[in-house]
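What follows is calculated from the coordinates using simple rules that are stated; it is not laboratory data. Given the structure is predicted, the values throughout are model-derived calculations rather than measurements. Ideal geometry is used to build each Cβ from the backbone, glycine not excepted, and the neighbour counts take in all protein chains shown.
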Amino acid sequence: MLISIEGIFRNGKVEFLEPPPQTNETRVLVTFLSNGSVQLSDKGVSEAQAADLRGRLRAFAEDWDRPDMDVYDAL
């Protein structure tokens, strides 16, 4: 089974943002992401696809813009 769990690498350790599934032992793959915005064109997303994505995600904008969501900006 392959799942993704976001985390933060801090002080030599990965801190998960949600608990991983219960398992005695498992292999993991860690990918370090750069800070800042993601260039969708670098990921093969066209301007039309990006516009469609923005339109579909617009329904969540009110939640994202709430003051208590600012805590996630520092991640």
Put a dot 7 Å past each Cα toward the Cβ at Glu15 and Val28; how far apart are the dots in nm?
1.4 nm
Only four residue types carry charge here, +1 at the Cβ of Lys and Arg and -1 at the Cβ of Asp and Glu. Report the dipole size of the range 8-75 about the Cα centre in Debye, rounded to the nearest 20.
260 debye
What's the Kirkwood radius of the range 3-46 in Å, using all Cα pairs?
13.1 Å
Going by alpha carbons, how many degrees (0 to 90, nearest 10) lie between the helix axis of 47-57 and the longest principal axis of the chain?
70 degrees
Could you pull out every residue, at least 5 positions away or on a different chain, whose amide H is within less than 5 Å of the one on Gly7? Hs are placed 1.01 Å off N in the peptide plane, and Pro or chain starts have none.
Leu17
Just to be sure I understand the model, the point goes 7 Å from the Cα along the line to the Cβ. What's the resulting Arg66 to Ser37 distance in nm?
2.5 nm
Scattering from the C-alpha atoms of the chain alone, worked out with Debye: what is log10 I(q)/I(0) at q = 0.22 1/Å?
-1.21
